[in-house]
Amino acid sequence: MSIVKAALAAALTAAQPVAAQTAPCPGNPDALATSRVITVDAVTTPRVGLKHFPATLPLADMEVVLTFDDGPWPGTTAAVLDALRRECVRATFFLVGRNAAAHPELAKRELADGHTVAHHSFRHPLLNRMSPAAAEAEIDHGFAAVDTALYGHAAKWPRTPFFRFPGFAATPVLLDRLAARGIVVFGADLWAGDWTPMSPNRELSRTIERLEATHGGIVLFHDTKRQTAAMLPAFLRSLKAEGYRIVHVIGSAT
Ligand SMILES: [Zn+2]
């Protein structure tokens, strides 16, 4: 093989998905499905999401990472999981520790369905209004509550080293601490703003419009919101129809 051919072969190999989902989606031949899986670590990408940070995930044009915050929550989280399962789509959930402690069966279903289960503090306070030590204790309490709900016990290290700040209220000190501990901080690239009441149709059209502008990225939703659970089936079909591809992010420790 010539050097040029070898280089071309290497480039083609590198362009292949890390772990493409090849199995068909049961009961849904037209499913959106999950296009590829990427491992995310704090050495390569300590902070991701262009809304607040200068960098984001290494996504290709039209690739989308779906994220859901603040759950698990009775009713809405199960509806979100049902919609994702129907389309064989894997997402990332950033859990509030006390909600995971109150509804461990929902947290476990997220994991059993193949989603990434990540962290969003214990009580969802604005951490930039606390001392760094108190804020870090709150973050650690959240790690422990989620991992205890999922696995029955918690180690010093969170099983999935992904964290999103409540209200995106980060501080330089806390960002440095999390990076030093190998924890990736997730922001977002876009959102519909589902914390504001709006009809499911309005939320759907707004999210699609914003995706048309960015051509993909990390999308932030809340699985605690009824309007989000209601629009999700149509949203996933729209993604399929418009040629977006779903990327599932996993931690290097999972
Ligand atoms: Zn939140």
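The values are calculated or read from the model by the stated rules, or taken from the named source; none is laboratory data. Keep in mind it's a predicted model, so treat the numbers as computed, not measured. Virtual Cβ from ideal backbone geometry, glycine too; neighbours counted across all protein chains shown. Note: areas computed on protein heavy atoms with side chains; ligands, DNA, RNA excluded. Shrake-Rupley method; radii C 1.70, N 1.55, O 1.52, S 1.80 Å.
Anything over 28 Å Cα to Cα? Flag those among K51/K156; K156/K240; K108/K225; K156/K225, in the order listed. Among K51/K156; K156/K240; K108/K225; K156/K225, the Cα-Cα distance tops 28 Å for K51/K156; K156/K240; K156/K225. Taking the 1.4 Å solvent-accessible surface of the range 70-225 as the whole, the part contributed by carbon and sulfur is 56%. Near the amide H of I38, within less than 5 Å, lie the amide hydrogens of H248, V249, I250, all on another chain or at least 5 residues away, with H placed in the peptide plane. Calculate the length of the line joining the C-alpha centroid of the range 170-209 to that of the range 25-42, in whole Å. When both Cα centres are located, 21 Å separates them. Assign one of three labels to the range 183-222, namely rounded, prolate or oblate, based on the Cα gyration tensor with a ≥ b ≥ c the square roots of its eigenvalues; rounded applies when a/c is under 1.5, prolate when it is not and a/b is larger than b/c, and oblate otherwise. Oblate is the answer for the range 183-222, as a/c is 1.5 or above yet b/c matches or exceeds a/b. Applied to the range 47-54, the Karplus parametrisation 6.51 cos²θ - 1.76 cosθ + 1.60 on θ = phi - 60° returns per-residue 3J(HN,Hα) values of 9, 10, x, 6, 5, 10, 10, x Hz, with x for Gly and Pro.
Charge dipole of the chain (Cα centre as origin; +1 on each Lys and Arg Cβ, -1 on each Asp and Glu Cβ, all else neutral): 120 debye, rounded to the nearest 20. Which of rounded, prolate or oblate describes the range 143-206 when judged by the alpha-carbon gyration tensor and an a/c cut-off of 1.5? Cα axes put the range 143-206 in the oblate bin.
Scaled to the globular estimate 2.2 N^0.38 Å, the Cα spread of the range 81-226, given as radius of gyration, is 1.08. Remark: relative contact order (the chain) = 30 percent; criterion is Cα-Cα distance under 8 angstrom and separation of 6 or more residues. Each Lys or Arg adds one and each Asp or Glu subtracts one; over the other residues with Cβ under 11 Å from the Cβ of L106, this totals -2. Averaged across orientations, what area in nm² does the convex hull of the alpha carbons in the chain project? Dividing the Cα hull surface by four gives the mean projection, 15.0 nm². Remark: the range 79-85, residue by residue, has Karplus-estimated 3J(HN,Hα) of 5, 4, 5, 4, 5, 5, 5 Hz, where x stands for each Gly or Pro and the curve is 6.51 cos²θ - 1.76 cosθ + 1.60 at θ = phi - 60°. Applying the criteria of a DSSP loop state and at most 13 other Cβ atoms within 10 Å to the GluC sites (Glu not before Pro) of the range 167-254 yields E242.
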